[in-house]
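The values are calculated or read from the model by the stated rules, or taken from the named source; none is laboratory data. Remember, predicted model here, so these are calculated numbers, not experimental data. Note that we place each Cβ from the backbone using ideal geometry, even for glycine, and neighbour counts take in every protein chain shown. Remember, those area values only see protein heavy atoms, side chains included, never the ligands or the DNA or RNA. Shrake-Rupley method; radii C 1.70, N 1.55, O 1.52, S 1.80 Å.
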Amino acid sequence: MAKVKQVKGQAKFQVTGGQATPAPPVGTSLGKFGINLGQFVSQFNERTREFMGIPIPVVVTVYDDRSFEFITKSPPASALLKMAAGCAKGAGVPNKDKVGKVTKKQLLEIVKKKEDVLNSTDPERAARMIEGTARSMGIVVEG
């Protein structure tokens, strides 16, 4: 009879897609579980190569035999908005400073990428949620 693996722990963190290294945050989050960091880094980089340079949230489950599995989630809305607006970071004072512009079409593309994690099934409501994130970053939504 197959022995069921016991979960030793779980770690959640964000790593830049396709550019993970055993250094922090990967090393500090997973080192305490004693897993093979090189193996995790190579698997993560392979799975997230298409998101090169974008932060990707990841949830790693570690088992008592030091094996692991991980789930990658969609990039944060703020990272997708910064990419769409072409700005390096959000505004320090978003109600006064504006750092970029996005169109409604770009907003709907972001909603499509995030639809599995947004808590709205209506695309218009989801777009308003992403629009609120844009406003709080100092990004103007046109259209």
Q | Neighbour-limited loop hits for GluC sites (Glu not before Pro), the range 43-138 (at most 16 other Cβ within 10 Å; DSSP other than H, G, I, E, B) | A | E115
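Past 20 Å, Cα to Cα, is the threshold; run K32/K114; K12/K114; K5/K114; K73/K114 against it and keep the listed order. Walk me through the numbers before you get to the answer.
On the way: K32/K114 31 Å; K12/K114 18 Å; K5/K114 32 Å; K73/K114 9 Å.
Table pairs above 20 Å Cα-Cα are K32/K114; K5/K114.
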Q: Report V15's accessible area, 1.4 Å probe, all protein chains in place, as a number in Å² to the nearest 10.
A: 10 Å²
Q) Which ³J(HN,Hα) values, rounded to whole Hz and listed in residue order, are derived for the range 35-42 from phi using the Karplus coefficients 6.51, -1.76 and 1.60 in 6.51 cos²θ - 1.76 cosθ + 1.60 with θ = phi - 60°, glycine and proline given as x? A) 8, 6, 5, x, 5, 4, 4, 5
Q: Just read off the accessible area of D65 with the full protein assembly in place, 1.4 Å probe, to the nearest 10 Å².
A: 90 Å²
Q: Based solely on C-alpha atoms, express the radius of gyration and the Dmax of the range 1-99 in angstrom.
A: 16.7, 65
Q) Which whole-Hz couplings ³J(HN,Hα) result when phi for each residue of the range 128-134 is put into the Karplus expression 6.51 cos²θ - 1.76 cosθ + 1.60, θ = phi - 60°, listed in order with x for Gly and Pro? A) 5, 5, 5, 4, x, 4, 4
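Can you give me the orientation-averaged projected area of the convex hull built on the Cα atoms of the range 71-116, in nm²?
Numbers: hull surface 15.3 nm².
For the range 71-116, the mean projected area of the Cα convex hull comes to 3.8 nm².
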Q. Which percent of the accessible area of the chain is formed by carbon and sulfur heavy atoms (probe 1.4 angstrom)?
A. 51 percent
Q: Pop a pseudo-label 7 angstrom from the Cα along the beta-carbon direction at both N119 and K73 and give the gap in nm to one decimal.
A: 1.2 nm
Q: Kindly write out, for the range 67-78 in residue order, the coupling ³J(HN,Hα) from the Karplus curve 6.51 cos²θ - 1.76 cosθ + 1.60 (θ = phi - 60°), rounded to whole Hz, with x marking Gly and Pro.
A: 7, 8, 9, 9, 10, 9, 10, 6, x, x, 4, 4
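What accessible area per residue, rounded to a whole number of Å², is obtained for the chain using a probe radius of 1.4 Å? Intermediate values should be presented prior to the final figure.
Details: 8690 Å² over 143 residues.
Computed with neighbouring chains in place, this is 61 Å² per residue.
Tell me the relative contact order for the range 4-125 as a rounded percent, counting alpha carbon contacts under 8 Å between residues six or more apart. Kindly include the intermediate steps, with their values, before the conclusion.
Values: 157 pairs, mean separation 28.3, N = 122.
Normalised by residue count, the contact order of the range 4-125 is 23 percent.
Restricting to DSSP loop positions (anything but H, G, I, E, B) with no more than 13 other Cβ atoms inside 10 Å of their own Cβ, which trypsin sites (Lys or Arg not before Pro) remain in the range 1-107? Provide the component values of the computation, followed by the final result.
On the way: sites: K3, K5, K8, K12, K32, R47, R49, R66, K73, K82, K89, K96, K98, K101, K104, K105; in loops: K3, K5, R66, K73, K89, K96, K98.
Within the range 1-107, the qualifying trypsin sites (Lys or Arg not before Pro) (loop, at most 13 other Cβ atoms within 10 Å) are K3, K5, R66, K89, K96.
Got the relative contact order for the range 77-139 handy, in percent, Cα pairs under 8 Å and 6 or more residues apart? Don't jump to the answer; show the numbers that get you there.
Working: 68 pairs, mean separation 29.5, N = 63.
Taking the mean separation of contacting Cα pairs over the length of the range 77-139, I get 47 percent.
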